[in-house]
Amino acid sequence: MTITSFGPANRIARAAETHPLTWRLRDDGEPLWLDEYQAKDGYAAARKALAQMSQDDIVQTVKDSGLKGRGGAGFPTGVKWGLMPKDESMNIRYLLCNADEMEPNTWKDRMLMEQQPHLLIEGMLISARALKAYRGYIFLRGEYTTAAANLNRAVQEAKAAGLLGKNILGSGFDFELFVHTGAGRYICGEETALINSLEGRRANPRSKPPFPAAVGVWGKPTCVNNVETLCNVPAIVGNGIDWYKSLAREGSEDHGTKLMGFSGKVKNPGLWELPFGVQARELFEDYAGGMRDGFKLKCWQPGGAGTGFLLPEHLDAQMYAGGIAKVGTRMGTGLAMAVDDSVNMVSLLRNMEEFFARESCGFCTPCRDGLPWSVKLLRALEKGQGQQGDIETLLGLVGFLGPGKTFCAHAPGAVEPLGSAIKYFRPEFEAGIAAQAPAAAGLRPDLAKPIVVGA
C-alpha cells in the first residue's frame, strides 16, 4: 500500500490510480504551483467538465460516485448539489469552501491547501460549473497563514492563465474566487454560522429551513462544501464513477479514499490517504507504528475531539461511517487520537469540555449553560472535590445536550466523548468524589441532583 504522510516520515511513490488526493505531492513538502500542477494532469478534469459535460452531467456524476462530505457529517455531496434551485432566473449563486478546520486533532485540510492549492481551486471550478455559481469563497481559518498565502498566490496564477475570471477557457463560464480569512471560531464549521460570519455578522447558526441551497449568503442560493470534499471532484470527473467506487476496501459502504491519521504518543504520527474500509488496527499499527515504547494504548477517538472514545478492542472496526457506527460512535474527520495509559480521563475531558464551552456561540440555553456546567463538575472531580450525584448529573447533561436537543450539532458533539468516557472509565470519575461525601449505596439516577439552570 502506497502512503502519503504529512511530515518527513516514510513517503514513497504514489500512484494516480489509487491516491487521487495525494499522488502529486512533492517529497520535499513544497507546494505545487501552476506549471508543475498542470504537468501532472492538473486542470485536465476542469477542461473536460467545461468542454464536454453539461452542468447536470457533472452533478449526476458526483451523485452516482457516492462522494460524501469529508468535513465530518458525511452528507452525500451530489444530493446536496441537487438541492440547488433549477430556476434559471436565480442566476446569482455562490459556492463556499469550508476551510475553517478547527476540530481538535484534525489537520488534513491544511495539508491540501498548503501543498496543493490548485487541486482545491480546480475542484471548486468544476463544482461551480455544476452549480452555476459565478462566485466562490474559501472561508479559511485565520491561523492558517501559510495556507492563505499559498491559496492567494494560486488564485492569481489561475487568473493569469485564464482558469478563473471571465469566459474561462473559452467556455462562456465566469467564476471568480476569493480567499476570506475568518476570525477563528469553532462554530464557523457549521455552514450557516460560516455564512453569517462571511456576511460580517455574528457567527451564530441559522434556523433551518430555509436551507442555504435556497437562501444562503446574502440571501442567494449557496452550496457549502469541505476542502477535502471539493478536492475529490477533479479525480471523479477525470477518471469516472466505476474507478472511484473501486478504490474502497471490500465491506465499506463509503466509496473512494479518505485522509486519515493518528496523533498522540504513537511512533509515527501522521496523515495518510487510505481507502475507506481499512481496518483501524492497520491504521494504528502499520501506519502510525503503534504506541511509543513505555506507553500502552488506553483508548482512542476515531475522528476528532467531537467523537466518542473507543477501546483497544475496537481497533478491529473498519474505517468508514457505518463501520465506526457499529462500535458506537462516528467516523468524524477520520483523524484519530491515541490516548495512552498515563492520561487521567477526568483531566482529559475537563480540557475538552473547556474548549467546547468556550467555543459555544451562546445562542441556545442547553449549550450555553450546559457545557460550562459540565466543566464546573469536571473541575471538582479532577480536584477530588466532587459530590455524590455529580456523575449522574454529567450523564443527564449528556442526554439533555444530545442530538435534536440543541439548535445545532455543537453541543451533541461536545458531550459525545464525555458520555463514552464515563461509560468506559467510570471508576476514574468516581475517584474524584470527596471522601466525606455521603455513601453512594442505593443512589438511583432518577433521584440524582436535579439539573437547574445556573446551578
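Identify, please: which residue in segment 89-117 is surrounded by fewer than 18 Cβ atoms within 10 Å (Cβ to Cβ) and either without any contact (Cβ under 8 Å) to a residue 40 or more places away in the chain or polar (S, T, N, Q) (or both) and is, among those, farthest from GLU157 (Cα to Cα)?
Among residues in segment 89-117 that are surrounded by fewer than 18 Cβ atoms within 10 Å (Cβ to Cβ) and either without any contact (Cβ under 8 Å) to a residue 40 or more places away in the chain or polar (S, T, N, Q) (or both), the one farthest from GLU157 (Cα to Cα) is SER89.
What tally of residues in segment 392-411 results from selecting those that are without any contact (Cβ under 8 Å) to a residue 40 or more places away in the chain and buried (at least 16 other Cβ atoms within 10 Å of the Cβ)?
Residues meeting the conditions: 3.
If you check every pair at least six apart or on different chains, which have Cβ atoms under 7 Å apart with a residue in segment 36-62 that is farther than 17 Å from ILE168 by Cβ first and a residue that is modelled with pLDDT of 95 or more and part of a loop (DSSP other than H, G, I, E, B) second?
Listed pairs, sorted by first residue: LYS40/ARG24.
Which residues, taken from segment 245-265, are assigned to a strand (DSSP E or B) and in contact with an Asp or Glu (Cβ under 7 Å, 6 or more places away or on another chain)?
Those that are assigned to a strand (DSSP E or B) and in contact with an Asp or Glu (Cβ under 7 Å, 6 or more places away or on another chain): THR257, LEU259, GLY264.
Please work out which residue is surrounded by the most Cβ atoms within 10 Å (Cβ to Cβ), limiting yourself to segment 48-77 and to residues that are hydrophobic (A, V, I, L, M, F, W, C) and over 22 Å from ASN98 (Cα atoms).
Going through the qualifying residues, I end up with ALA49.
Within segment 144-153, is there a residue that is in contact (Cβ under 8 Å) with a residue 60 or more places away in the chain, surrounded by 15 or more Cβ atoms within 10 Å (Cβ to Cβ), within 26 Å of GLU101 (Cα to Cα) and not charged (D, E, K, R)?
Yes; the residues of segment 144-153 include at least one that is in contact (Cβ under 8 Å) with a residue 60 or more places away in the chain, surrounded by 15 or more Cβ atoms within 10 Å (Cβ to Cβ), within 26 Å of GLU101 (Cα to Cα) and not charged (D, E, K, R).
Given the conditions (1) at positive phi; (2) without any contact (Cβ under 8 Å) to a residue 12 or more places away in the chain, which single one is not true for GLY290?
All conditions are met except number (2).
Which of the residues that make up segment 322-338 are crowded, with 19+ Cβ neighbours inside 10 Å and either in contact (Cβ under 8 Å) with a residue 60 or more places away in the chain or outside any helix (DSSP H, G or I) (or both)?
Once the filter is applied, which keeps residues that are crowded, with 19+ Cβ neighbours inside 10 Å and either in contact (Cβ under 8 Å) with a residue 60 or more places away in the chain or outside any helix (DSSP H, G or I) (or both), segment 322-338 yields GLY323, THR329, ARG330, MET331, GLY332, THR333, GLY334, LEU335, ALA336, MET337, ALA338.
Within segment 409-426, can you find the residues that are over 16 Å from MET102 (Cα atoms) and either assigned to a loop (DSSP other than H, G, I, E, B) or over 19 Å from the mean Cα position of the chain (by Cα) (or both)?
Within segment 409-426, LEU418, GLY419, SER420, ALA421, ILE422, LYS423, TYR424, PHE425, ARG426 qualify.
Can you find, within segment 245-272, the residue that is surrounded by the fewest Cβ atoms within 10 Å (Cβ to Cβ) among those that are more than 23 Å from ALA325 (Cα to Cα) and not β-branched (Val, Ile, Thr)?
Across segment 245-272, the extreme among qualifying residues is LYS267.
For segment 122-173, how many residues are within 23 Å of GLY189 (Cβ to Cβ), among the hydroxyl-bearing types (Ser, Thr, Tyr) and either out of contact with any Asp or Glu (no Cβ under 8 Å at 6 or more places or on another chain) or not in a helix (DSSP H, G or I) (or both)?
Residues that pass the stated criteria total 4.
The values are calculated or read from the model by the stated rules, or taken from the named source; none is laboratory data. Owing to the predicted nature of the structure, the values given are computational and were not obtained by experimental measurement. Neighbour counts are summed over all protein chains in view; Cβ atoms, including those assigned to glycine, are modelled from backbone coordinates with ideal geometry.
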